[in-house]
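*Asks:* Got a structure here, written out as structure tokens. Questions coming.
The values are calculated or read from the model by the stated rules, or taken from the named source; none is laboratory data. Here the structure is a predicted model, which is why all the values come from computation and not from measurement. Every residue, glycine as well, gets a Cβ built from its backbone with ideal geometry; the counts of neighbours run over all protein chains shown.
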Amino acid sequence: MEDNNRLIQIRDLCKAFGENKVLDHFNLDLHAGENLVLVGKSGSGKSVLLKCMVGLMEYDSGSLQVLGQEIRGMGQYELDKLRTDIGFLFQGSALYDSMTVRENLSFPLRRHPEKIAGASEDDLIQEALENVGLAHAIDLLPEELSGGMQRRIALARTIILKPRIILYDEPTSGLDPITAKEIIHLILEIQQLYHTAALIITHDMDCARVISNRMIILLNGTNYAEGTFQELQTNQDPQVRAFFK
């Protein structure tokens, strides 16, 4: 049964590739309305964790519940239905190059007409674009957009089905500092506007400082340390301090 305040619950999650234990009895809770930042070294298992969350990769053991449903054993129909409540902002934006902005945003609506609930497709596209400040770009192709604009359009596509959870994979990666700050503040605005919960993977500690309600450090496959940015920043453990240098 779903706990309305706990949207994701992970207990003792294990995933190994041969002898390499990527996730080793990892634990995590994501609560309604919060921005939870996950940091870890390259290759520490952050992307593996995201793939397990949306059913793209099977975990070896443990429990991973999203919106009260255990991911292990779910059929394709159940997974597809669950994924409509999970927005995913890919690191490289992952827009369809041959489609206009309008067509990119229309794509998820046409795949999941049941989520529209009688609303106009054009109105939903317009609303999403206005919420990321790019209504004027509706008929442009991705190649006509800057990197920051592409990230905004990708975010508009992520929110258009009004998901309850958003997974952000390095949302400021590859952006200049000014554009990165704009994306950070936009993510905060989305949180307030849509009342979403978000799991944000990032190496950008400025992003983590501004955006996080809570943080987890993934180290050696485990939830090594957890707390607010300020709590972890003042933690005297050398392995924790290394992330804040």
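*Asks:* Only one of these is crowded, with 21+ Cβ neighbours inside 10 Å and within 29 Å of VAL22 (Cα to Cα): ALA154, ALA225. Name it. Spell out how you get there, then give the answer.
*Replies:* Values: ALA225 fails: crowded, with 21+ Cβ neighbours inside 10 Å.
ALA154 is the lone residue from the list that is crowded, with 21+ Cβ neighbours inside 10 Å and within 29 Å of VAL22 (Cα to Cα).
*Asks:* Kindly list the number of the only condition in (1) touching a helix residue (DSSP H, G or I) at 6+ places or on another chain (Cβ under 8 Å); (2) closer than 21 Å to LYS245 by Cβ; (3) assigned to a loop (DSSP other than H, G, I, E, B) that fails for ALA180.
*Replies:* (3) is the only condition that ALA180 fails.
*Asks:* Right, here's the next one. Looking at ASP12, ASP29 in this structure, which one is out of contact with any His (no Cβ under 6 Å at 6 or more places or on another chain), of a type in the set (D, E, K, R) and closer than 30 Å to ASP204 by Cβ?
*Replies:* From the options ASP12, ASP29, the qualifying one is ASP29.
*Asks:* May I ask you to say which residue of LEU124, LEU89, LEU95 is surrounded by 14 or more Cβ atoms within 10 Å (Cβ to Cβ), farther than 30 Å from SER61 by Cα and at pLDDT below 90?
*Replies:* Working: LEU124 fails: at pLDDT below 90; LEU89 fails: farther than 30 Å from SER61 by Cα.
The conditions single out LEU95.
*Asks:* Right, something else. Against the condition closer than 15 Å to ILE86 by Cβ, touching a residue at least 12 places away in the same chain (Cβ under 8 Å) and surrounded by fewer than 19 Cβ atoms within 10 Å (Cβ to Cβ), how does ARG164 come out, does it pass?
*Replies:* yes
*Asks:* Still on this structure, please answer the following. Residues being over 15 Å from LEU155 (Cα atoms), of a type in the set (A, V, I, L, M) and touching a residue at least 40 places away in the same chain (Cβ under 8 Å): count how many of those fall in the range 81-116.
*Replies:* Adding up the residues that qualify gives 1.
*Asks:* Could you please find all residues in the range 56-114 being under 28 Å from ASN20 (Cβ atoms) and β-branched (Val, Ile, Thr)?
*Replies:* Scanning the range 56-114 gives VAL66, ILE71, ILE86.
*Asks:* So which residues in the range 56-98 are among the aromatic types (Phe, Trp, Tyr) and part of a loop (DSSP other than H, G, I, E, B), if there are any at all?
*Replies:* Within the range 56-98, TYR59, PHE90, TYR96 meet the criteria.
*Asks:* Of everything in the range 17-48 that's modelled with pLDDT under 90 and out of contact with any strand residue (DSSP E or B) (no Cβ under 8 Å at 6 or more places or on another chain), which residue is surrounded by the most Cβ atoms within 10 Å (Cβ to Cβ)?
*Replies:* GLY43
*Asks:* Go through the residues of the range 227-234 one by one and say whether even a single one is among the small types (Gly, Ala, Ser) and part of a strand (DSSP E or B).
*Replies:* Scanning the range 227-234 turns up at least one residue that is among the small types (Gly, Ala, Ser) and part of a strand (DSSP E or B).
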